Structure formats: C-alpha cells, structure tokens
Amino acid sequence: MSYSSELKEYLRQKSLEIQKECCKNAYKAGLDLKEAEITCENDRGLYLRGVFITSGSITNPDKQYYLSFSAAGAEFAAKALAVLGIPPLYGTRKGKRIVYLRESEAISGFLAAIGASRNALSLLEISVINSMKREANRKNNAEFANLDRAATASAEVRNAILQIMSHKDYSKLPEELRETAKLRLENPHLNLEELRKIHSKPISKSGLYHRLKKLTELSLKYK
C-alpha cells in the first residue's frame with residue numbers, strides 16, 4: 001500500500017470517532033466534494049480531510065514533498081487551504097487545473113489541520129534531517145573548494161620559488177624570504193597556519209602570506 005493510501009485509510013478510521021453533528025456534516029461534504037456549512041472550529045479541517053480522501057494524493061516525504069488535489073476537488077481544496085492560511089499552488093494535469101503544495105511546512109500544516117498529526121511531525125523531522133544533510137554537504141563542498149584553491153595557490157608559490165632559485169638573485173634575497181621559500185618547498189602540504197609555526201622566528205599568518213606574495217611577485221620578472 002502506498003504512503004498516500006495508508007494515510008487515507010488512517011484518516012477514514014479516525015473519522016469514525018467524530019462525535020459532533022456539524023463535524024460529521026463537514027467531513028461528509030468534503031467526501032462528496034460539495035460546499036460545507038462551517039459551524040465550529042474543527043469543521044474546516046474535517047471538511048478538507050474529506051476533500052483529500054476523495055480527490056487528493058501525497059508523495060512519501062522520504063522521497064519528495066508533494067501533495068495535490070485532482071481537478072474534481074481543486075476548487076474546494078483551494079478555498080479551504082486559503083482560509084487555513086496555507087497558500088495553494090495551481091497547475092495543470094492532463095489539461096485540467098489542479099491544486100498542489102510543494103513546501104514541507106505547507107504540507108505539514110495541512111496534515112496537522114486534517115488531523116494527521118503523526119504524519120505532520122514525521123514530515124517535519126524528515127525536513128529537518130534533510131536540511132541538516134544539505135548544510136553538511138554545502139560545508140563539505142566549500143571545504144573541498146577551499147582545499148583545491150589552497151593546493152593551487154601552494155603550487156603557484158612553489159613554481160615561483162623554483163623560478164627565482166634558478167637565477168642568481170635568489171642568494172640576494174633577505175634571509176627571512178629565503179627561509180620561507182625553503183620551508184614552502186619542503187612542506188608543500190602545510191597550510192599557512194601550520195607553515196608559520198615551523199619558522200625559526202615568530203611570524204603571523206598575514207606576515208607569512210605577504211612573504212609568499214612577495215616571492216610570487218619577484219618571480220614575474222623571469223617570465
């Protein structure tokens with residue numbers, strides 16, 4: 001049985017517990033896709049429950065956030081959703097107008113309104129987990145991009161140093177620049193923080209950056 005079918009069966013069984021006459025009438029009007037007289041605060045949610053059972057469908061949120069109403073129930077669903085503060089989206093299917101929801105918050109709000117609280121909570125949990133996964137992937141991608149840029153920059157500096165060393169001018173460099181050049185060549189995989197710590201005299205990360213930049217600039221005259 002699909003996620004949508006299981007949800008509808010659950011809602012049918014839950015609807016057997018409806019006690020108030022106005023609520024029963026609202027639910028039945030929804031099932032019959034007719035206008036309903038809204039008397040109490042629960043009527044609209046029960047009406048929308050009936051509309052969903054007759055003309056709605058929902059995708060398993062583990063795979064996709066998507067809830068829709070067929071053309072037969074689209075008009076009734078749109079009105080009820082708007083009153084509940086859930087903005088409906090409109091589309092077409094087989095040339096006929098449908099109403100649908102795409103956002104996890106909108107769908108969970110709908111599920112809560114029709115009495116499917118357990119499904120609403122489950123969807124919110126899935127949404128939070130997915131959001132955390134996306135954020136983790138974003139950070140990983142950013143870190144990989146930074147590593148790639150750092151590796152490229154390191155290779156450029158090493159090439160610049162080798163370019164200078166192939167000329168007599170290298171021996172004329174200040175002692176601190178020669179030390180930085182030597183350490184960079186010997187430790188190509190160290191980042192700036194790690195590289196600065198192995199210098200004989202204390203140097204800040206910005207100071208080290210400027211030394212490497214200076215070496216790169218000096219190499220340009222040999223190209």
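Conditions (1) of a type in the set (V, I, T); (2) in contact (Cβ under 8 Å) with a residue 40 or more places away in the chain; (3) surrounded by fewer than 14 Cβ atoms within 10 Å (Cβ to Cβ); (4) in contact with a strand residue (DSSP E or B) (Cβ under 9 Å, 6 or more places away or on another chain), marked per residue:
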| residue | (1), (2), (3), (4) |
| --- | --- |
| I86 | yes, no, no, yes |
| L89 | no, no, no, yes |
| R93 | no, no, yes, yes |
| I114 | yes, yes, no, no |
| N119 | no, yes, no, yes |
| L123 | no, yes, no, no |
| A136 | no, no, yes, no |
- Task: Please work out if S4 is closer than 30 Å to K133 by Cα and not in a helix (DSSP H, G or I).
- Result: no
- Considering the stretch 95-107, residues that are in contact with a Phe, Trp or Tyr (Cβ under 9 Å, 6 or more places away or on another chain) and in a helix (DSSP H, G or I), and then whichever is nearest to K63 (Cα to Cα), we arrive at S104
- Is at least one residue of the stretch 171-188 modelled with pLDDT under 85, loosely packed, with under 13 Cβ neighbours inside 10 Å and in a helix (DSSP H, G or I)? yes
- Name the residues in the stretch 81-94 that are within 29 Å of S131 (Cα to Cα) and outside any strand (DSSP E or B), would you? L81, A82, V83, L84, G85, I86, P87, P88
- Message: Checking E37 against (1) part of a helix (DSSP H, G or I); (2) modelled with pLDDT under 90, only one condition comes out false. Which one?
- Response: (1)
- Message: List pairs: first residue in the stretch 50-68 and in contact (Cβ under 8 Å) with a residue 24 or more places away in the chain and in a helix (DSSP H, G or I), second residue charged (D, E, K, R) and surrounded by fewer than 21 Cβ atoms within 10 Å (Cβ to Cβ) anywhere in the structure, Cβ distance under 6 angstrom, at least six positions apart or on different chains.
- Response: I53/K8
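The values are calculated or read from the model by the stated rules, or taken from the named source; none is laboratory data. As the structure is a computational prediction, the values presented were derived from the model and not from experiment. Note: ideal-geometry Cβ built from the backbone for every residue, glycine included; neighbour counts use all protein chains shown.
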